Amino acid sequence: MTAARAGAGRLWGAMRSAVRRSPATFALVGILLLVGVITQGLWSPANEQPWFEWVAYGLPSLEAGRWWTPITGTFIIITPLVYIPTILGFVGMAYVERRKGTRVALTWYGLGQLASVAGAMLFLLVASTLAWPWAQDLADDLDVGASGGSMALLAVAAGLLPAPWRQRAWILVFGIATIGVLFIGGFADLVHAVAIVLALAIDRSFRIQRTTTQEQRVIALLALAMLGAVQVIALVVPTRGPFGQTSSLDGSVADVLIDVIVIALIGRGLLRGRRWAWVVAVVFAVVNVLIAIGLAVLLVLLVRADALDQVEDAIGDFDTTIASGVLWLAFLVLIIVTKRAFRARPRRGLGGADPVTSATVRETIREHGGGTLSWMATWDGMDALRTPGGLVPFQTQLGVAIALGDPIGPLTGRAEALADFAERAELQALVPCVFGADSASVAVAPAGWRSLVIADDTIVDLPGLEFTGKAWASVRQSFSRAERDGVVFRVSTLAAEPWAVRQQLKAISETWVDDKDLPEMRFTLGRLEEAADPEVRIALAVDAEGRVDGFLSWLPVFGPDGVHDGWTLDLMRRRDGGLPPVMEFLIGSSARHFAAEGARILSLSGAPLAHEAAPDDGPIAALLGHLSAALEPVYGFRSLHRFKQKFNPREEPMHLLYRDEGDLPRIAAGLTRAFLPDASVRQFASAGLDLVRGR
């Protein structure tokens, strides 16, 4: 009962918050429901009531002098079932009211409702004089409803969305209005179309050519998929559009089947930006447009000859073919305008015909310096893209080009390197992103790109380091415990250690991996193979009997001109039953050792998803915070981050750079595969069950 009350309380609180943020929206919905009760329209059709013609708008009301009907008709819903889509349509108004305020939302609603009704009547007044049966029929109709204003606000809300959702929402709004007019063809559908045109004329936020290359491909695919859905729906559902009426299965099943098959075949190619798919789409669209034009000309000739009734049964699918031709024409214009997005070539490797070797990466790091992640670019499985601005280390996983860290080269070339990386990736139909970029890279990222803090690099400054004060108590205690237990510290390389020690390190690592449900992680997490690099240092804790209690591996961090600037922590392994504070002992001793050598910094690396999001970081950052809390029992990201605080580091944010939110699902999949390239579906499923169980 307590839980139920708490849930009801949260629901009531959420409702109160929604009403407080969008009072005008809820007031209008409340008025519609109140009028529905008073007029009994909530349970009986309004168009069957004797007073209907006195409140309904349309050309007959205008001709009869009932000038008030555009206002009175706004608050009447024609049938009880229409209340559901009408109320749902006010979501756009609620969004606009939250973003722009109550006055703006009400102004848009009033303007959109009255102007769309007036515009529809004006259109019919002119069109009905052209011997157009559809327009003449609608000119005699009366209608009611509040959807003109709400549809205008849906269009305005689409313009307020961030990329890439803005253009996608506009495509959806256009699709709903166009399909409504061409295939349903009612007075309300005409009102919706006028409302959207009005909103677009004022708002002007629909600019396909200003979107990213990948987004243009996504929009083309969405439009193509909508065309396929329209073809199927028009075949099985009776239509009443500007070009005539059809019954169920009135069209050609073979034609629709051919369209759907072609759409399915070229859809994936368009999403990947393939030129062949674009060419096929253009040819197919042109063919459909030409067929529609031919039928439209024939239809006009038949109407003029008053012979349409004689051949109506033989040409029953005229209207759907012509209506579909209008949609194909819009699609044709879209893909021609965005043709530059469809230049992707078959993948020959992002790095080009002249691959960058590991030796070249090492030389470039020594010459220009690098960040705390740069040495990872020398690992197996990493590639590098040579650009005029420097080298961009990356991996390609599941159609995502993941650049690791910052470009390697002069700081002045970063902007050019990142722009070249993004362009080359898009040409290969890859989703580009940068994992672990610093603030300098964020500042010069390609225009329109977004950044998200995914970790905090924990940096220990070594000059003047003293383990004094309360903050270093746990490290000093580890030194004392190691001295009492006879555990000594030494720094070496893996190759310099005797065979017996190397075997111990291997056994410790294998035991650590065997305790995990998933294979050893990769990408920014090395293995003993990477620790065997002669440039990598190994820190060992060895007891009096020669047993290794734990070890660390440290990757070099170079400054310009080959200066050894510092070290980055990679492997952390301990032996079961060894010195309890062995990690504190090893990291503290390493810091003291490297400080004596003259190193400037020690990076303890960043724990993924451990960054504490600020209230103004946005919904995605908040979502990552919730994800981190959910994953904590399995991976312990936050626990690792808290452990590193024992060494009193300063924190440098590590960012994920990406084009827009639409790329994030693919980037997440690509990063998962990069970190766990050897994991099987069964292992992922097992880990997922453990997560659900909270283990």
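Remarks
- 5 angstrom amide H check on Ser605, placed H, neighbours 5+ away: Thr458, Leu569
- Of all lysines in the structure, those lying under 22 Å Cα to Cα from Lys470, and not within fewer than 8 positions of it along the same chain, are Lys644, Lys646.
- When peptides 563-573, 665-675, 384-394 are sorted by average Cβ neighbour count within 10 Å, with the highest value leading, the order is 384-394, 563-573, 665-675.
- Inter-part distance where segment 151-208 and segment 278-294 are each reduced to a Cα centre, Å: 25
- Over all directions, the projected convex hull of the C-alpha atoms in segment 1-147 averages 11.0 nm² in area.
- Three-way shape label, segment 145-197, alpha-carbon gyration tensor, a/c 1.5: oblate
- When the alpha carbon gyration tensor of segment 448-530 is reduced to an equivalent ellipsoid, its three semi-axes come out at 28, 27, 14 angstrom, largest first.
- Alpha-carbon Rg/Rh ratio, for segment 411-461, with Rh computed the Kirkwood way: 1.02
- Candidate lysines for bridging to Lys100, where Cα separation is under 27 Å - those fewer than 8 sequence places away on the same chain excluded: none
- Heavy-atom accessible surface of segment 75-181: percent carbon and sulfur, 1.4 Å: 73
- Every Cα-Cα pair in segment 68-198 was counted, and those over 17 Å apart are 58% of them.
- Sorted on the mean count of surrounding Cβ atoms within 10 Å across their residues, most packed first, peptides 539-546, 86-93 read 86-93, 539-546.
- The residues neighbouring Val96, those whose beta-carbon lies less than 15 Å from its own, together hold a net charge of +4 under the Lys/Arg +1, Asp/Glu -1 convention.
- Nitroxide proxy distance, nm - points 7 Å out along Cα→Cβ at Ala544 and Leu427: 6.7
- Principal axis extents of the C-alpha atoms in segment 369-431 (largest first, rounded to whole Å): 31, 25, 14.
The values are calculated or read from the model by the stated rules, or taken from the named source; none is laboratory data. Worth saying up front: this structure is predicted, and the values here are computed from it rather than measured. FYI the Cβ positions are ideal-geometry reconstructions off the backbone, even for glycines, and counts take in every protein chain you see. To get the accessible areas, we keep the full protein, side chains included, count just its heavy atoms, and leave off ligands, DNA and RNA. Shrake-Rupley method; radii C 1.70, N 1.55, O 1.52, S 1.80 Å.
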